[in-house]
Amino acid sequence: MSILNLEKINVSIGERVILKNITAGIEPGDRIGVIGINGAGKSTLLSITAGTYEADTGNVIKQNGLRISYLSQSPEFDNKLSVLDNVAGIIHGKADHWDTEGEVKAMLMKFGITDPDCSPSILSGGQKKRASLVAAILTPCDLLILDEPTNHLDHDMIEWLQDWLSSFKGALLMVTHDRYFLDEVTDRIWEIDKAELYSYQANYSGYLQKKQERLDFAIAAEKKLATLYKQDLKWMLRGSRARSTKQKAHIQRFEALRDREKLIEERQAFISSMSSRLGRTTVELNSISKSYGERVLFHDFTYIFLKTDRIGIIGPNGCGKSTLMKIIMGIEQPDSGSITIGQTVRFGYFSQENEALDPKERVIDCIRDVAGYIKTDEGTITASAMCERFLFDSKMQYTPIAKLSGGEKRRLYLLKVLMSSPNVLILDEPTNDLDIVTLQILEDYLDSFQGIVISVSHDRYFLDRVASRIFSFEQGGKIMQSEGGYEEYLLHKDELAEKAALAAGNASAKANAKGAHSTKKLSYKEQREYDSLEADIDKLTERSDDLAKKILAADSDYVKLSELTEEKNTVDVELDQKMERYFELQEKLEEMLKG
C-alpha cells in the first residue's frame, strides 16, 4: 500500500509545461532517485511531494500520520537565531521529543560546521546546505526527501551519507547528479522527460539499460506510424470517391497521424574541440606555499603541467583546493614561490559561483557576446548550434535568462566558458547543480579537449571518467599525487598506509590502514562490472540456445539459415568475451580474499 500518491499533477510556468499529468506512488521502503535535465521539474516535483509547493491541478494523497522530512534546494535560515538553534528548532518542530542538542552539535561538526553557535548570516551557501541536511536526516520521518544532498559535501561526507541512507528504514525520494551515489542508494528511478514521468524498477545502471529498451521500442513504433502516415497521405492525395463511414474513419486516422507529437530520436551530443594552440611553456608552479594565519593550506608545492594533463583535485572542504585554482589563475598570490604562465595560455574558468548574468539578456545573445561560432574538427559550429547541443532548443534560446532555472543558468555559464575556446580549462566543482545529461555532454567534450583540464570535484564518477592524475590535499599542507582516477587514488592511498604500517612494525596500525577501501577488494568500476556480468551471460546464453533451435528449424531456408548462423556467431563471440572477463574478475577477487 502506498504511503503517498501523486494524482494527475500538472504544473506550468507561463506557456512552459513543467509537469504533465504526473501520477505515481511511493511505497514503504522505496528508494527513489529522480533524474532529468535542468529545468525539467525535478525540484518542483519534490516540493509538491513535500507539501511546500502547490500544483496547478492534481492531488497529493498522504497516508494518515505520514511524517516527511525535506531538504530543499535552497534552504532558508532565521538569522536572529544561531545555526544550532535553527537546526534544533526544525527537529523539535517535527519530532515527538528531543532529549539533547548534543547529537545536533556533533552532526554539524561532522558536516564541517565548526561553530554551531554562529549566525547563519556568516555561512556560505554550501555550509547552509550542509546544516539543512543535518536537520533533514536527524528529523524522525517515514519519507525523507532530499534535493541534491551531495552538493558541497567532500568525499568522506558523501561516503558517510551513502552508508547512512543505505541503513535508513523509511522511504527515500531524492534528486542527485552523483551517479555512483544513485547506484548505491536507490532501487528505483523516476525520470522526468518532456514533462512526463517514467518509472524504472532499477538503480542508475539498470535504468540506463531499461531506458534504452524503452527508447528502442518507441523509435520502432514511430517508424511504423511514419510509414502508415505516408501510405495514408498517398490515399488522401488520390482523393476519396465517396463519403462512406469507412472513409471518414480513414480521414480521421490520417489527421491523427499528421498531428501526432513526433518522437525525435535522441542523438549523441558529441562536441569535438579545437582550442587555441599551447606553446612549449604551459603553467609551472615552483615551490609555492599558502597559509592563513597558522592554518597551512599547502607548502612547497612544485608541478609543471603537461599539455595533455587531466588533473582532478580532491580534499576536505576548506583545505585550499579553490585557493590553488585561484593562484593558478592569478586571482590570488602565493605566500612564497613563483608561477610561470606561458604566453599562449588561455584560461577558461568555471567557478563554483556563476558569474553575474544579465537577467534581461536572451540565452542566444549571452553566448554570441562571447563568440558567434567556434571551430571544431567537424568544422565551424554556430553559437545557436552549440546552444542546441547544450540542451537549449530554438525556443529556449530566445528566452530571457531571468526565466531559466538555477541549473539551466549553471549550464549556460558552462557553455559561455567553453565558447571562449580556452586551452587551459579550470573547473571548480563543475558537477554542482548540473544534471546528468549535461555532465555527460561535458565529459564527452573533455575527451577531445586539446588542452589542460584542472578540475576540483567531489563527484567520484566524474573524476573516474575524466581525471588521469589526482592531486589530494593531505594533512600538514602536503599535496599527494596519484596516477589514474578516484578509485586508483583510494588504492594508492591504502598501499602507502599499509607500507607505512609495515615499516613501523605495527600490526594493529596495518589493520586500521586498510580501512573501508582496502586493496583486498575490486575497484568500484570492477565491482559494478562483475555484478552485471552474470546477468549478461545468462541473457546471451539464452539467446544463443534460442538461435540454435531456430537454425535447426530453418534447415531448408538457406537465406534465413545464413542470417541466423551469422547472428549466433556474433552472440557466441560476445558470450565468450563476457565469460572470460567474468572468470578473470572472479580469480582476482579470490586472490584478494586469500590475502
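In sequence order, segment 573-584 has phi-based couplings of 5, 5, 4, 4, 5, 5, 5, 4, 5, 4, 5, 4 Hz under the Karplus curve 6.51 cos²θ - 1.76 cosθ + 1.60, θ = phi - 60°, and Gly or Pro positions carry x.
Just tell me which aspartates and glutamates come within less than 17 Å, Cα to Cα, of residue 539; anything on the same chain fewer than 8 places away is out. Straight-line reach from residue 539, under 17 Å: 213, 529, 531, 567, 572, 574, 576, 580.
Projected label points at residue 581 and residue 59, each 7 Å from Cα along the beta carbon direction, are separated by 4.9 nanometres. Taking label positions 7 Å along the Cα-Cβ direction at both residue 166 and residue 201, the computed distance is 2.4 nm, reported to one decimal.
Multiplying the residue separation of residue 21 and residue 193 by 0.36 nm and subtracting their alpha-carbon distance yields 60.7 nm.
Select from segment 535-595 those GluC sites (Glu not before Pro) which occupy a DSSP coil region and have at most 16 other Cβ atoms within 10 Å, ordered by residue number.
Numbers: sites: 542, 563, 566, 567, 574, 580, 584, 587, 590, 591; in loops: none.
Passing sites in segment 535-595 do not exist.
Over 26 Å between Cα atoms, which of 211/550; 42/169; 169/578 qualify? Beyond 26 Å between Cα atoms: 211/550; 169/578. 3J(HN,Hα) along segment 37-46, derived from phi through the Karplus expression 6.51 cos²θ - 1.76 cosθ + 1.60 where θ = phi - 60°, amounts to 5, 4, x, 6, x, 4, 5, 4, 4, 5 Hz, with x in place of Gly and Pro. Ranked from largest, the principal axis spans of the Cα set of segment 396-446 equal 31, 22, 18 Å. A quarter of the convex hull surface defined by the alpha-carbon atoms of segment 348-454 gives 6.1 nm² as the mean projection. Packing, as the average of other Cβ atoms within 10 Å across residues, places the peptides 8-18, 408-418 in the order 408-418, 8-18, highest first. Could you pull out which residues in segment 400-431 have an amide N less than 16 Å from a spot 7 Å beyond the Cα of residue 362, following the Cα-Cβ vector? Answer for segment 400-431: 400-404.
Entry note: segment 142-186 has Rg to Rh equal to 0.92, where both radii use alpha-carbon atoms and Rh is the Kirkwood radius. Each Lys or Arg adds one and each Asp or Glu subtracts one; over the other residues with Cβ under 14 Å from the Cβ of residue 59, this totals -1. Converting phi to 3J(HN,Hα) with the Karplus coefficients 6.51, -1.76 and 1.60 and the offset θ = phi - 60°, segment 23-32 yields 10, 7, x, 10, 9, x, x, 4, 10, 9 Hz in sequence order, with x at every glycine or proline. Suppose a student asked you for the relative contact order of segment 394-478, using Cα pairs under 8 Å spaced at least 6 residues apart; what percent would you report? Relative CO of segment 394-478 lands at 29 percent.
Computing FRET efficiency as 1/(1 + (r/R0)^6) for residue 343 and residue 291, where r is the C-beta to C-beta distance and R0 is 35 Å, gives about 0.70.
Show which aspartates and glutamates lie in cross-link reach of residue 210 when reach means a straight Cα distance below 12 angstrom and same-chain residues fewer than eight apart are skipped. Within the straight-line cut-off, residue 210 pairs with 191.
Taking the accessible area of segment 370-482, probe 1.4 Å, and keeping the other protein chains in place, the carbon and sulfur fraction comes to 47%. The Cα atoms of segment 437-500 cover 41, 20, 18 Å along the three principal axes, with the biggest extent listed first.
With the convex hull drawn over the C-alpha atoms of segment 1-140, the volume per residue is 139 Å³. Applying both filters, DSSP loop and at most 15 other Cβ atoms within 10 Å, to the GluC sites (Glu not before Pro) of segment 339-398 gives 353, 355, 361, 378. With contacts taken as Cα pairs under 8 Å and at least 6 residues apart, segment 34-160 reaches a relative contact order of 32 percent.
Pairs exceeding a 29 Å alpha-carbon distance, out of 110/416; 409/478; 194/403: 110/416; 409/478.
The values are calculated or read from the model by the stated rules, or taken from the named source; none is laboratory data. On a predicted model such as this, the values are computed, not experimentally measured, just so you know. Backbone-built Cβ (ideal geometry, glycine too); neighbour counts: all protein chains shown. With ligands, DNA and RNA removed, areas are computed over all heavy atoms of the protein, side chains included. Shrake-Rupley method; radii C 1.70, N 1.55, O 1.52, S 1.80 Å.
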